[in-house]
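See structure below.
Every number in this text was worked out from the coordinates using simple rules, so none of it is lab data. Note that the structure is predicted; figures quoted are calculated from it, not measured. Because the Cβ atoms are built from the backbone with ideal geometry, glycine has one as well, and the counts that use them run over all protein chains shown.
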Amino acid sequence: MAMEQLLEVLQKEAKLSTAQLAAMLGEKEEDVIKAIARYEKAGIIKGYHTLINWENTDAHRATALIELRVSPKKDTGFDEIAGRVMNFSEVESVYLMSGGYDLAVTVTGKTMSDIAMFVARRLATIDGVLSTATHFVLTKYKDGGVVFHSDYEEIDERGSNLCD
Amino acid sequence: MIDYNSIVNNTVRAIKPSGIRKFFDIANEMEDVISLSVGEPDFHTPWHIREEGIFALEKGRTRYTPNRGFLKLREEIASYLKRHFQVAYEPGQEILVTVGGSEAIDLCVRVLINPGDEVLIPEPSFVCYVPITQMAGGVPVIIETKPENEFRLTEEELEEKITEKTKLLVLPYPNNPTGAVMGRKDLEAVARVVERHNLMVLSDEIYSTLTYGGEPHVSFSSLPGMKERTVLVNGFSKSHSMTGWRLGYAAGPKELISLMTKLHQFAIMSAPTMSQYAAIEAMKNGDEDIAYMRTQYDMRRRLILDGLNRIGLRCFEPKGAFYVFPSIRSTGLTSQEFCEKLIYSKHVAVVPGDAFGASGEGFVRISYCYSVGHITEALERIEAFLKEL
C-alpha cells in the first residue's frame, strides 16, 4: 500500500472509517487496519486530535512561542534540556531549530501573565538556558492546515452553469 | 409594444432551455444544502499560475493579444500536447486560443457545417453540442450510448446513424456526465468508421488529464490518419482549475484553424490577455498540479463509488472526468422525481441524468469536486433517503 498516501489522508481526515479509507486507496479494509496498527505501534501515527478554535469559545486561553537559546551539554547535546522543557504540561511543542536560537517552544496557559510567569520561573531557570524571548500569539489565522479566521474561510461560490 | 418573439431569430427562440432551472432555484432557496451538482473543480487555480495573472495586471499588460493568442502560449500548448498525448501541432498555424473550450466547439461546428449537414452527437453528454449545431443550421443526430457499454460509443451504434448527410462526429470523452472514457481500441474502431465514411471529428478532450485506473487518455488525433480529420478541443478549466479564466484552445488542420480564427477575430478579437499570461505558466510549470489534483479526485472517486454501491445505487466504474453516474432505476422514480425528492427531504442536490439527453433518464449525475467530508455527509443523507423510500 502507498504508505505515504494513507498517512496523508489520515492527517487530514482522521474520522474516516477504515472501510472508507480502503475504498479511497483502492485497498482491502483488513490491510488498512493492519497498516494503521503497524504505524501506531512503530510510533509513526502518534495520536488523533481534534482541531479546536478556542478563540470562538468562552474559554480563557493564551498561547506563546518562546525562543530558547541554550548551551548544549557535552554528552547529551540538546536532548537533555529539551527533555526538561517538554516535561511541563504547559508546553505543547518543542522543536530544535536552525538559525538564531535553539529551541522553539509553544506554551499555552489561561492568560498571558500566566505564561510570562511560567517562562520566568520554570524555563529561564533551567540549567543551560541562556536566554528566552516570548512572543504571544494574538490570533490564529491558520492552524494544522485549516483556516481559522472566519474572514478567510472558504465560501463555495460555484453554481450551476446549466441553469438557463 | 414590440413583440420580441416575432422579431428574434427563430432558431434561437426554438432552442430548448436546459430544464433544470427550477431544480436549482429550489436548491438556492434552501439552507443547509449539500450540493454534489457543480461541474467545476473545487481546487483553486494553483498560486504560481494566479501570480502570473497578477503580474500581468501589475505590469499593465492588459491590451489585445494576436487573434490566435500569444505565440508563446501556442508554443507551450504544442509542447504540452506532445508531452502528454503524443500529438504534434505546429503552433504558428494549427492552434487557436479561444474563450474556453466552448468557443472552440462553437467555431469548429460553424466552420464545418452547411445547412442540412448532420452532426452525430453521443448522449448522455454536455448540453452545448445540440444547440450549437442548431445555430449553425446543422441537424443534430443523437447516438444513445448505453450503460452496458459503460457509455462508450461503439462502432455499430455509430455506423447505424450515418447517412449521406453526415458531416461531423462529436467525441466527448472523457465524458461529462457519465465519466466514460474511450480507450485506444474503442477509438480505433471509431476511426475505421470515420475513415470509411469520410467524416470529420470534433474531439472534446477538456477532461483529458482526469483519467483513472492506469490507461492514460488517448487523443483521437494521435491515431493514424485521424489528425487531418480532427479538431481537438481542450482548455485549462478542468486540468488546471481555471474555469473562470475563460481560456481554451483548438488544434487541428491549418485550413480549419484559419477559418475558425476568422470567426474568432470578428466575434471575440482575442482571448483574455491576463489569462493567457497565466496559462503560459500553467503549461510550463503546471504538470505537478495536474498530478496532485488527479490523485485527489481519484481517491474521492473511489470513495463515492464504494459508498453508492454500498447503499444500493448501482454504478459502473467511471474512469474519467469528475462525475459518477449511478442508476436510480431501483427506486422506481424518474431522474427528475429522484432529484426533487432528494433535495426536498434531505437537502442534497444532484443533477437528473436526462438533463444530458433522453438516454440519461434513470440516472443521476453526481459530481465529486467536493471535499471528502462533504462527500461522506452527502452519502449518509442519500442512504437515509433511500431507506425512507
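Go through region B:294-389 and name the trypsin sites (Lys or Arg not before Pro) that are in a DSSP coil and have 15 or fewer other Cβ atoms within 10 Å of their Cβ. Working shown, then result.
Values: sites: B:294, B:300, B:301, B:302, B:310, B:314, B:319, B:329, B:341, B:346, B:365, B:381, B:387; in loops: B:314, B:319.
Filter output for region B:294-389: B:314.
Among the trypsin sites (Lys or Arg not before Pro) within region A:1-101, which fall in a DSSP loop and have no more than 10 other Cβ atoms within 10 Å of their own Cβ?
Those that pass, being in a loop and sparsely packed, are A:46, A:74.
For chain B, take the longest principal axis of its alpha carbons; what is the angle in degrees between that and the long axis of helix B:47-58, to the nearest 10 within 0 to 90?
Helix B:47-58 sits at roughly 50 degrees to that axis.
For region A:82-137, what is the relative contact order in percent, using Cα pairs closer than 8 Å and at least 6 residues apart in sequence?
Values: 47 pairs, mean separation 12.6, N = 56.
For region A:82-137, the relative contact order is 23 percent.
Where does chain A land at 222 nm, in deg cm²/dmol rounded to the nearest 500, when only DSSP H runs of n ≥ 4 count, each adding -39500 (n - 2.57), divided by all residues? Don't skip to the answer; put the middle values down first.
Values: 5 runs with 46 residues, N = 164.
Value at 222 nm, helices only: -8000 deg cm²/dmol.
What net charge is computed for the residues neighbouring residue B:231, neighbours being all others with C-beta under 12 Å from the C-beta of residue B:231, Lys and Arg scored +1, Asp and Glu -1? Provide the component values of the computation, followed by the final result.
Numbers: positive: B:110, B:227, B:229, B:254; negative: B:94, B:106, B:204, B:205, B:228, B:255.
Net charge around residue B:231: -2.
Summing +1 for each Lys or Arg and -1 for each Asp or Glu, what net charge is found among the other residues whose Cβ lies under 13 Å from the Cβ of residue B:315?
+4
For each of B:143, A:52, B:49, count neighbouring Cβ atoms within 10 Å of the residue's Cβ, then give the residues from fewest to most.
A:52, B:143, B:49
Work from the charge dipole of the protein assembly as shown (Cβ charges, +1 for Lys and Arg, -1 for Asp and Glu, about the Cα centre) and give the residue of B:344, B:331, B:127 farthest towards its positive end.
B:127
Charges only on Cβ, +1 for Lys and Arg, -1 for Asp and Glu: so what's the dipole of the protein assembly as shown about the Cα centre, in debye to the nearest 20?
740
For chain B, calculate the relative contact order in percent as a whole number, restricting contacts to Cα pairs under 8 Å that are 6 or more residues apart.
That works out to 24 percent.
Sequence neighbours fewer than 8 away in the same chain don't count; with that in mind, list the lysines whose C-alpha is under 18 Å from residue B:346.
B:22, B:387
For chain B, count the residues as N, evaluate 2.2 N^0.38 Å, and divide the Cα radius of gyration by that value, please.
Here the answer is 0.99, to two decimals.
Mind checking which of B:279, B:358, B:271 has the largest fluctuation in a GNM of chain B, springs on alpha carbons under 10 Å?
B:358
Summing Lys, Arg as +1 and Asp, Glu as -1, what charge do residues with Cβ under 12 Å from the Cβ of residue B:334 carry, residue B:334 excluded?
-2
Using DSSP, restrict attention to beta bridges with both residues in region B:47-286 and report what percent are antiparallel, rounded to the nearest 5.
Details: 8 of 25 bridges.
Antiparallel bridges: around 30 percent, rounded to the nearest 5.
Under 8 Å for C-alpha pairs, at least 6 residues apart: give me the relative contact order for chain A, rounded to a whole percent.
RCO, chain A: 20 percent.
Averaged across the residues of B:364-371, what count of C-beta atoms belonging to other chains lies within 10 Å of each residue's C-beta?
Averaged over the peptide's residues, the number is 1.
Quick one: among A:76, A:106, A:125, which has the greatest mean-square fluctuation in a GNM of chain A with alpha-carbon springs under 10 angstrom?
Checking each option, the largest mean-square fluctuation is seen for A:76.
Taking one equal scatterer on every alpha-carbon of region A:60-138, how large is log10 of I(q)/I(0) by Debye at q = 0.12, 0.17, 0.22 1/Å?
The Cα Debye sum returns log10 ratios of -0.29, -0.58, -0.96.
Can you tell me how much longer the chain between residue A:11 and residue A:136 gets when fully stretched, taken as 0.36 nm per residue apart minus their C-alpha distance, in nm with one decimal?
42.3 nm
Show that you can apply the helix-only estimate: for chain B, add -39,500 (n - 2.57) for every DSSP H stretch of four or more residues, divide by all residues, and state [θ] at 222 nm to the nearest 500.
-13000 deg cm²/dmol
Restricting to the protein assembly as shown, compute how many DSSP beta bridges are antiparallel as a %, nearest 5.
65
Report for region B:182-256 the percent antiparallel among DSSP-assigned beta bridges with both residues inside it, nearest 5.
On the way: 4 of 8 bridges.
Bridges in region B:182-256 are about 50 percent antiparallel.
Pick from B:249, B:344, B:173: which residue has the top mean-square fluctuation in a GNM of chain B where Cα pairs under 10 Å get a spring?
Highest fluctuation among the options: B:344.
Just to confirm the filter: which trypsin sites (Lys or Arg not before Pro) across region B:4-110 are DSSP coil and have at most 11 other Cβ within 10 angstrom of their Cβ?
On the way: sites: B:13, B:21, B:22, B:50, B:59, B:61, B:63, B:68, B:72, B:74, B:82, B:83, B:110; in loops: B:59, B:61, B:63, B:68.
Those that pass, being in a loop and sparsely packed, are B:59, B:63.
Got a sec to turn the phi values of region B:37-43 into Karplus ³J(HN,Hα) couplings, 6.51 cos²θ - 1.76 cosθ + 1.60 with θ = phi - 60°, whole Hz, x for Gly and Pro?
Karplus-based 3J(HN,Hα) across region B:37-43 equals 10, 7, x, 9, x, 8, 5 Hz.
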